[in-house]
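See below for the structure under consideration.
The values are calculated or read from the model by the stated rules, or taken from the named source; none is laboratory data. On a predicted model such as this, the values are computed, not experimentally measured, just so you know. Cβ placement follows ideal geometry from the backbone for every residue including glycine, while neighbour counts extend to all protein chains displayed. These area figures cover heavy atoms from the full protein model, side chains too; ligands, DNA and RNA do not enter into them. Shrake-Rupley method; radii C 1.70, N 1.55, O 1.52, S 1.80 Å.
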Amino acid sequence: MTSTDSEPGTARPRALTWLAFWRRLPFTLALLLALLVAGLIFGTLGASAARLPLYDQVATGLPAFREGRWITLLTSPFFVDPPIQWALTAPLLLAGVGWAEWRFGSLRAIAVFVIGHVSAVLVTAGLLALVSATDWEWAARVAAERDLGPSAGAFACLVFALAALPSPWRLRARFALGAWAMIELLYIGQLESIEHSVAIGLALVVSGLIPAFRHRASRPSSREWRLLAFAGLVLIGVVQLIDLLIPYDGPLGRNDPLPSLLDIAIDVVIIVFIANGVRQGVRAAWLVALILAAFNVFTALLGVALVAWLLGAGIIDSPIALLGLVLPEGALWLALLIVLIIARGAFRVPLRKSRRALKVQGVDRAEALERLHRHGGGTISWMTSWPPNRYLPVDDGFVAFQSYAGVAIALGDPIVAAGDEGAALLRFARSAERAGLVPCVFSAGEASAAARPTGWRSVIVAEDTIVDLPGFELSGKRWQPVRTSVNRAAREGIAFRMCTLADEPWNVLAQVRAISEQWTGDKGLPEMRFTLGTVDEALDPETRVGIAVDADGSLHGVTSWLPVYGAAGADGSAPRVVGWTLDLMRRRDGGFGPVMEFLIASSAMHFAEEGYEFLSLSGAPLVRPEEAEAGPVDRLLERIGELIEPLYGFRSLHRFKQKFNPRAEPLHLLFRDEGDLPRIAMGLTRAYLPDASLRDLISSATAGTGA
């Protein structure tokens with residue numbers, strides 16, 4: 001079929017998808033269309049509404065209410081003024097009203113929009129009526145203004161939509177929106193800015209009081225304290241740049257940037273240097289931020305104390321000028337100072353990167369193996385014995401981890417007594433954060449996923465394939481393809497042997513290395529590590545290796561099997577191996593075709609005869625169960641899997657393993673929240689390909705995609 005023939009078939013589903021999307025947003029769509037129609041009819045798309053005769057009839061504000069035009073509460077949301085405001089209004093309506101309508105339904109979204117708009121307009125008018133009677137120049141000027149637009153209601157909808165976010169994004173989004181409201185109020189100070197701030201403030205309060213939006217309060221983690229301090233620093237820096245670069249006439253007077261040039265420039269430069277250190281929890285950066293905040297609070301208090309003397313000396317005509325200069329930023333610095341003092345325990349990371357390592361004491365590889373023998377572990381637990389894993393002691397167990405790109409990656413389940421996974425993961429997370437590292441757990445089982453720290457996320461990143469050995473036999477129709485490979489090997493003189501590779505003669509080991517190097521060379525990348533072993537790992541005395549050899553002594557393929565220990569018995573019985581996990585799979589080019597089917601089937605029969613419980617054919621990275629619900633992160637991982645499939649064939653390998661009729665068990669990536677994923681992706685890339693250069697990755701990816 002040509003591409004032209006396929007276009008109608010692809011266009012129709014896309015059209016149906018967009019139709020289904022907009023059918024869920026009838027109010028948002030109707031509001032956008034009403035704004036567009038009103039603009040076309042009254043000419044406000046190309047000209048400012050303030051210049052048109054109808055402006056006083058439809059615009060709201062204190063003058064309109066004094067004239068008895070209460071109907072403007074209903075007419076004002078259907079106009080956008082000036083026309084350039086469309087660039088901000090349309091996205092705000094989609095993000096605020098659209099999101100709320102998608103999340104809560106049309107009727108609730110309409111209620112929030114209408115109540116938010118009416119409340120913001122009326123409360124703002126009431127406040128201005130109270131303060132405009134004074135000699136406050138700004139208040140008198142703003143009280144005479146009128147306003148158009150749906151933005152106050154849209155902001156209210158946005159606040160309620162954000163209230164439905166999971167932690168910690170809910171707190172972060174509320175902080176960002178609250179900061180924006182404060183900037184609008186203090187540094188823009190126009191009528192619509194006050195209405196926006198009132199709408200956001202009221203919606204934040206009301207959404208926190210409604211039972212459906214209440215969430216159990218808990219003390220922020222070290223990471224949240226760091227992010228809060230970092231965001232506060234960035235906010236102050238942005239506000240001071242506004243002070244420095246943009247003259248404004250707000251509620252606290254006119255801003256003249258030049259007198260405060262040196263002071264602001266020093267603050268901003270210091271903030272630039274220490275902000276990232278504060279985000280990472282570096283102690284030295286926290287100390288500098290503390291001193292800077294204390295100094296700015298002191299100068300603000302000094303300015304307030306000098307107001308009376310400056311007035312008496314005739315240096316200033318009005319206290320508003322000086323207070324407007326020192327109070328807003330002084331309040332921000334005071335809030336930051338309080339946060340830095342309360343959260344001082346979150347800032348213990350050493351300044352030198354060489355000292356930012358997770359402190360591990362008392363557990364080397366020999367001790368780790370002893371603890372693994374005692375507690376047992378999951379199907380990939382033996383991989384924790386591979387270098388460069390290190391071990392964080394947890395009571396009489398451990399958490400194995402590696403560190404790359406500022407990420408501490410725990411490998412598999414904690415090696416602890418059953419039921420202690422949650423405490424072990426929490427200790428690992430806190431230790432990693434104290435070292436300034438991003439913690440995550442890769443290839444965790446169901447028990448660890450269920451016991452992950454509060455607020456952490458879990459996403460399936462692999463599917464372990466398990467073959468149960470009791471009663472195992474190659475009989476029945478479903479085993480026909482595998483049985484055929486075993487029978488063919490017998491006819492062609494290919495024999496199977498299970499061995500310990502370290503005990504084999506040098507010629508066998510040389511053939512194994514040659515086969516592995518040939519396979520690696522074909523990939524164009526170094527061998528992957530982390531959860532994928534090499535010949536060096538296959539030489540471990542506790543690892544079993546299955547080989548396929550012909551009558552001439554030539555090897556046609558090799559597989560390695562890692563031991564899976566069960567927990568030692570409560571009666572003091574010795575720990576024992578209960579199963580085996582497939583690791584190395586290598587075949588000789590031009591050798592016996594179905595050698596892998598033959599080796600795995602022969603290994604299964606061998607281990608079944610020796611009384612073991614199961615074989616794990618291991619999990620293919622970035623392969624997840626088809627029936628599992630896919631979220632945004634899952635879909636992103638699927639896309640990454642599609643991109644690297646030509647390089648390593650994970651999905652093809654997964655399909656190959658289905659020949660052995662396994663049952664599936666998901667393996668999870670555990671992480672704090674989606675904000676960590678870019679760093680985790682970098683860390684995992686270095687863990688799997690520690691020796692690959694950027695040039696290797698680019699050239700292999702280009703070759704894999706056929707470019």
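Just a few scattered comments:
- In this structure the amide hydrogen of residue 463, modeled in the peptide plane, comes within under 5 Å of the amide hydrogens of 620, 623, 667, none closer than 5 places in sequence on its chain.
- Other residues whose C-beta falls under 10 angstrom from the C-beta of residue 659 contribute a net charge of +2, scoring Lys and Arg +1 and Asp and Glu -1.
- Hydrodynamic radius (Kirkwood) for region 397-446, which is based on Cα pairs only, to one decimal in Å: 10.8 Å
- Whole-Å distance, taken between Cα centres, linking region 40-113 and region 477-497: 76 Å
- Burial order of peptide ranges 190-196, 653-659, 670-676 (average beta-carbon count within 10 Å, highest first): 190-196, 670-676, 653-659
- Placing a pseudo-label 7 Å from each Cα along the Cα-to-Cβ vector at residue 369 and residue 103 gives an inter-label distance of 5.4 nm.
- Area of residue 28 that stays accessible when all protein chains are in place (1.4 Å probe, Å², to 10): 0 Å²
- Percent accessible area from carbon and sulfur atoms, region 29-146, protein chains only, probe 1.4 Å: 71 percent
- Each of residue 396 and residue 447 was given a label point 7 Å from its Cα along the Cα-to-Cβ line. The distance between the two points is 1.6 nm.
- For residue 543, net neighbour charge (Lys/Arg +1, Asp/Glu -1) across residues whose Cβ lies under 11 Å away: -4
- Each listed q (0.11, 0.14, 0.24 Å⁻¹) maps to a log10 I(q)/I(0) for region 368-479 from the Debye sum over equal C-alpha point scatterers, namely -0.39, -0.58, -1.47.
- Per residue, the convex hull spanned by the alpha carbons of region 440-558 comes to 189 Å³.
- Extended-chain gain in nm, criterion 0.36 nm per residue less alpha-carbon gap, residue 519 and residue 500: 4.7 nm
- Loop-located GluC sites (Glu not before Pro) in region 384-488 (DSSP state not H, G, I, E or B) with no more than 14 neighbouring Cβ atoms inside 10 Å: 473.
- Measuring nothing but protein heavy atoms, the accessible surface of region 336-492 at 1.4 Å probe radius is 52 percent carbon and sulfur.
- Centre separation in Å (Cα based) which lies between region 345-395 and region 119-152: 62 Å
- Residues in region 465-552 average 51 Å² of solvent-accessible surface per residue, probe 1.4 Å, ligands and nucleic acids excluded.
- At R0 = 51 Å, FRET efficiency that the Cβ-Cβ distance of residue 132 and residue 351 yields, to 0.05: 0.45
- With the biggest extent put first, the Cα atoms of region 96-211 measure 46, 28, 22 Å across the principal axes.
- Sorted largest first by accessible area at a 1.4 angstrom probe radius, with every protein chain in place, the residues 33, 122, 301, 336 fall in the order 301, 33, 122, 336.
- Cβ crowding within 10 Å averaged over residues, with 197-208, 501-512, 358-369 ranked highest first: 197-208, 501-512, 358-369
- Surface analysis of region 113-230 yields an accessible area of 44 Å² per residue, using protein heavy atoms and a 1.4 Å probe.
- Summarising the strand pairing of region 378-473, around 65 percent of its internal DSSP beta bridges are antiparallel.
- Derived scalar couplings ³J(HN,Hα) [region 268-285; Karplus, 6.51 cos²θ - 1.76 cosθ + 1.60; whole Hz; x for Gly, Pro]: 5, 4, 5, 4, 4, 6, 9, 4, 5, x, 5, 4, 7, x, 6, 4, 5, 5
- At R0 = 56 Å, FRET efficiency that the Cβ-Cβ distance of residue 656 and residue 335 yields, to 0.05: 0.45
- Between the amide H of residue 565 and those of 377, 578, distances stay under 5 Å, these residues lying 5 or more places away or on another chain, with hydrogens modeled in the peptide plane.
- Treating r as the C-beta distance of residue 266 and residue 360 and R0 as 41 Å, the FRET efficiency rounds to 0.50.
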